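Everything on this sheet refers to the single structure shown next.
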Amino acid sequence: MNESMTARVVPLAVACALVAAFPFVGGKFYVDLMVTTMILAIFALSLELLVGRTGLVSFGHAAFFGIAAYATALLSPQAEAASMLWLLPAVVAITALAALGIGALSLRTRGIYFIMVTLAFAQMAYFVFHDMKFAGGSDGRYLYVKPVLAAGSYTLLDLDRPLTFYYVTLGALILVYALLASIGRSRLGHALTGIKANEQRMRAAGFSTYPYKLAAFVLAGALAAIAGFLYAVKDGFVNPEILAWHQSGTVLLMLILGGLGTLRGAVVGAFLFVLLKEFFQSEALFGAFAKHWQLPLGLAIIACVALMPNGVTGLPAQLRRTRMPVPHAG
Amino acid sequence: MPDDILLKASEISRRFGGLVAVDRVSVTLTRGEVHSVIGTNGAGKSTLVNVLAGEIAASGGRVHLQDRDITRWPQPKRARAGVGRTYQRTTIFPRATVFENCRLSAQAHHQHPFNWWHAAAGCAKSSALAHHAIEQAGLAGQAHRIAGTLSHGQKRQLEIAMCLSTTPQVLLLDEPLAGMGPEETERMLALLATLKPGHGILLIEHDMDAVFRIADRITVMVNGAVIATGTPDEIRNNPEVQIAYLGEIERPAEAALT
């Protein structure tokens, strides 16, 4: 392992170890919050593949999170635990199929139109779940028995146990991160980076860019499905709000806060967003003003974006540049 | 069609609304020749290259690559079949190294492009092609430099190296000499001379001095239409060309004579 690999892997390993040890020191509330944050980090990572890597700003990514959460709730039997062995693949497949359909149509547009079309599709999905009786309408739907992973009569993983669920979520986060890191180094990943930088040039080199973008869109949808699955299992409840446009906006904000273009930016962004939100919602700190948490949160985000244009993960490089200006190389 | 004709465009037209940017233009490109297209700004030269490369569709006419009719082929398919192009404005990936720029360009041709488990750096075929193209383009010493830090002339060379990485037969070069100093121009002309034997080169260029030195054939376009095609000598002595076009660049053309 060379020096730069070590520099990248060691902080990640330390972070994983700290998160893995957290349930032994943190209270129930904070462990619960950590699970939510990890689920949001998976969601943000899935969008990072589209926005940061491929340059496709989707404003409808919550649709896939929500479709997966609803699929989990609707496919789970009412009275017995579903097996993760079929439930998770089924949820991912359904969501990927939805992403294939939505992506195939939206990717015919570019730039601002792409943003608007993805938003429109997400709103359509929102109203489907909002207005359809089978999904519980605006009341949402409960998932009564959480899925398990069993071999024969022996239960390997019971997601109803908080500690098991915590480590399953952490494992999923690590796997999604590793998968995206691997894609980043792969031929597909390099092609997507090229499409982000200059799609026209890629076409001139012989890349039919549409299928590549569609592949990224479907992959991003499928990874968001993992987050949606975990979300539905965690709360045991889904409602149409998880598909609403502000959820798509929130996950975009996480990427921007953390820094676009890196995987750790997506994870850091998700953690930072949840921390800021919890901070401003704290009645212990803000008293009665805490119920107006959205105002200071918005201001804090504006301040972050203004002061750190490359996000939190871009801060060290930004500080180096201000301290030691490098003459522009022509 | 004889084997040595690589690209044949017949009666190509391209209209933008009421404007006829390219008006029934026919050009052929033979292996081992530099065919230069000249004309004033707005004569339709870049539009012609865009139509030949498949970047924009022709409103009329046909394009053949050897014996295949590629008129309806999209640009990526043409590129994979051997039609390479460079752009008037440099379009390199500035944050990647010279080598990575070329390896990425080579990648479209050689493997399952959706491969997302093998590292791109591990593709021996693309790497070999990239190294070869870098050497051909005279950038051997610069392979690991960040492309954005190259000089203007080197960036133009990289633009050609990226094109060569795709193993093209036809090179459509849109003003490769734009903005270059005399020394860089000489280097680029020497590079084009080395590429000539294996390729058919369509060269769009404003530097008449260079065009008359390197071109085997010259096509002159005015207002979207071809007014003359011939050897440099024929073009120089064509009265219609002199009236329509060479008038304003008579001196460099004469200088090229001596």
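Conditions: (1) free of Cβ contacts under 8 Å to residues at least 60 places away in the same chain; (2) touching a Pro at 6+ places or on another chain (Cβ under 6 Å). A:ALA90 meets all but one. Number of the miss?
Looking at each condition in turn, A:ALA90 falls short on (2).
Residue-by-condition table, conditions (1) touching a Gly at 6+ places or on another chain (Cβ under 7 Å); (2) within 17 Å of B:GLU159 (Cβ to Cβ):
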{"residue": "B:GLY32", "(1), (2)": "no, no"}
{"residue": "B:VAL37", "(1), (2)": "no, no"}
{"residue": "B:GLY44", "(1), (2)": "yes, no"}
{"residue": "B:PHE99", "(1), (2)": "no, yes"}
{"residue": "B:HIS109", "(1), (2)": "yes, no"}
{"residue": "B:TRP117", "(1), (2)": "no, no"}
{"residue": "B:ALA124", "(1), (2)": "no, no"}
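Which of the strands (runs of 3 or more DSSP E) contained wholly in the range B:1-76 include at least 1 residues that are at negative phi and out of contact with any strand residue (DSSP E or B) (no Cβ under 9 Å at 6 or more places or on another chain)?
The strands (runs of 3 or more DSSP E) meeting that bar are B:5-16, B:19-30.
Taking the stated definitions as given, is B:ASN50 touching a Cys at 6+ places or on another chain (Cβ under 9 Å), within 13 Å of chain A (Cβ to nearest Cβ) and surrounded by fewer than 24 Cβ atoms within 10 Å (Cβ to Cβ)? Outline the logic, then answer.
Working: touching a Cys at 6+ places or on another chain (Cβ under 9 Å): no; within 13 Å of chain A (Cβ to nearest Cβ): yes; surrounded by fewer than 24 Cβ atoms within 10 Å (Cβ to Cβ): yes.
Against the criterion (touching a Cys at 6+ places or on another chain (Cβ under 9 Å), within 13 Å of chain A (Cβ to nearest Cβ) and surrounded by fewer than 24 Cβ atoms within 10 Å (Cβ to Cβ)), B:ASN50 does not qualify.
Scan the range B:123-156 residue by residue and report those that are facing chain A (nearest Cβ under 10 Å) and under 20 Å from A:PHE207 (Cβ atoms).
B:CYS123, B:SER126
For the condition within 30 Å of B:VAL226 (Cβ to Cβ) and within 11 Å of another protein chain (Cβ to nearest Cβ), what is the one hit in B:GLU100, B:GLU55?
The unique qualifying residue is B:GLU55.
Might you let me know whether the range B:59-72 holds any residue that is under 20 Å from B:LEU173 (Cβ atoms) and within 14 Å of chain A (Cβ to nearest Cβ)?
Checked against the condition, which is being under 20 Å from B:LEU173 (Cβ atoms) and within 14 Å of chain A (Cβ to nearest Cβ), the range B:59-72 yields at least one hit.
Within the range A:151-166, is even one residue of a type in the set (S, T, N, Q), buried (at least 19 other Cβ atoms within 10 Å of the Cβ) and not in a helix (DSSP H, G or I)?
No, the range A:151-166 has no match at all.
What about A:SER58, is it outside any helix (DSSP H, G or I), crowded, with 24+ Cβ neighbours inside 10 Å and touching a residue at least 24 places away in the same chain (Cβ under 8 Å)?
Yes; evaluated as a whole, the condition is true for this residue.
Got a sec? Which helices (runs of 4 or more DSSP H) wholly within the range A:180-298 have at least 1 residues that are within 14 Å of chain B (Cβ to nearest Cβ) and surrounded by fewer than 17 Cβ atoms within 10 Å (Cβ to Cβ)?
A:187-204, A:209-235
Can you report the number of residues in the range A:167-179 which are within 14 Å of chain B (Cβ to nearest Cβ) and buried (at least 16 other Cβ atoms within 10 Å of the Cβ)?
Number satisfying all stated conditions: 2.
Across the range A:102-142, what is the total count of residues that are polar (S, T, N, Q) and loosely packed, with under 12 Cβ neighbours inside 10 Å?
Result for the range A:102-142: 1.
Does the range A:120-141 contain at least one residue that is assigned to a strand (DSSP E or B), in contact with a Phe, Trp or Tyr (Cβ under 9 Å, 6 or more places away or on another chain) and under 25 Å from A:LEU97 (Cβ atoms)? Write out each step before concluding.
Within the range A:120-141, the subset assigned to a strand (DSSP E or B) is A:141.
Adding the requirement that they be in contact with a Phe, Trp or Tyr (Cβ under 9 Å, 6 or more places away or on another chain) leaves A:141.
Keeping just the survivors that are under 25 Å from A:LEU97 (Cβ atoms) gives A:141.
Among the residues of the range A:120-141, at least one is assigned to a strand (DSSP E or B), in contact with a Phe, Trp or Tyr (Cβ under 9 Å, 6 or more places away or on another chain) and under 25 Å from A:LEU97 (Cβ atoms), which makes the answer yes.
What single numbered condition from (1) within 14 Å of chain A (Cβ to nearest Cβ); (2) under 24 Å from B:ILE235 (Cβ atoms) fails to hold for B:LYS77?
The number of the failed condition is (2).
Under 6 Å between Cβ atoms, which residue pairs at least 6 apart in sequence (or on different chains) link something in the range A:103-126 that is farther than 14 Å from A:ALA244 by Cβ with a partner that is crowded, with 19+ Cβ neighbours inside 10 Å and of a type in the set (D, E, K, R)?
A:LEU107/A:LYS213
Quick check: is even one residue across the range B:103-110 more than 7 Å from every other protein chain (Cβ to nearest Cβ), outside any loop (DSSP other than H, G, I, E, B), basic (Lys, Arg) and under 23 Å from the mean Cα position of the chain (by Cα)?
So far as the range B:103-110 goes, yes, one or more of its residues are more than 7 Å from every other protein chain (Cβ to nearest Cβ), outside any loop (DSSP other than H, G, I, E, B), basic (Lys, Arg) and under 23 Å from the mean Cα position of the chain (by Cα).
Has the range B:96-105 got at least one residue that is surrounded by 18 or more Cβ atoms within 10 Å (Cβ to Cβ) and aromatic (Phe, Trp, Tyr)?
Within the range B:96-105, one or more residues are surrounded by 18 or more Cβ atoms within 10 Å (Cβ to Cβ) and aromatic (Phe, Trp, Tyr).
Given the condition buried (at least 19 other Cβ atoms within 10 Å of the Cβ) and either assigned to a helix (DSSP H, G or I) or free of Cβ contacts under 8 Å to residues at least 12 places away in the same chain (or both), answer yes or no: does some residue in the range A:74-83 qualify?
no
Would you check if B:ARG85 is surrounded by fewer than 18 Cβ atoms within 10 Å (Cβ to Cβ) and either at the interface with chain A (Cβ under 7 Å from one of its Cβ atoms) or at pLDDT below 90 (or both)? Working first, answer last.
On the way: surrounded by fewer than 18 Cβ atoms within 10 Å (Cβ to Cβ): no; either at the interface with chain A (Cβ under 7 Å from one of its Cβ atoms) or at pLDDT below 90 (or both): yes.
It is false that B:ARG85 is surrounded by fewer than 18 Cβ atoms within 10 Å (Cβ to Cβ) and either at the interface with chain A (Cβ under 7 Å from one of its Cβ atoms) or at pLDDT below 90 (or both).
The values are calculated or read from the model by the stated rules, or taken from the named source; none is laboratory data. Nothing here was measured: the structure is a model prediction, and the numbers come from that model. Positions of Cβ are generated from backbone atoms using ideal geometry, with glycine treated the same way; all protein chains shown enter the neighbour counts.
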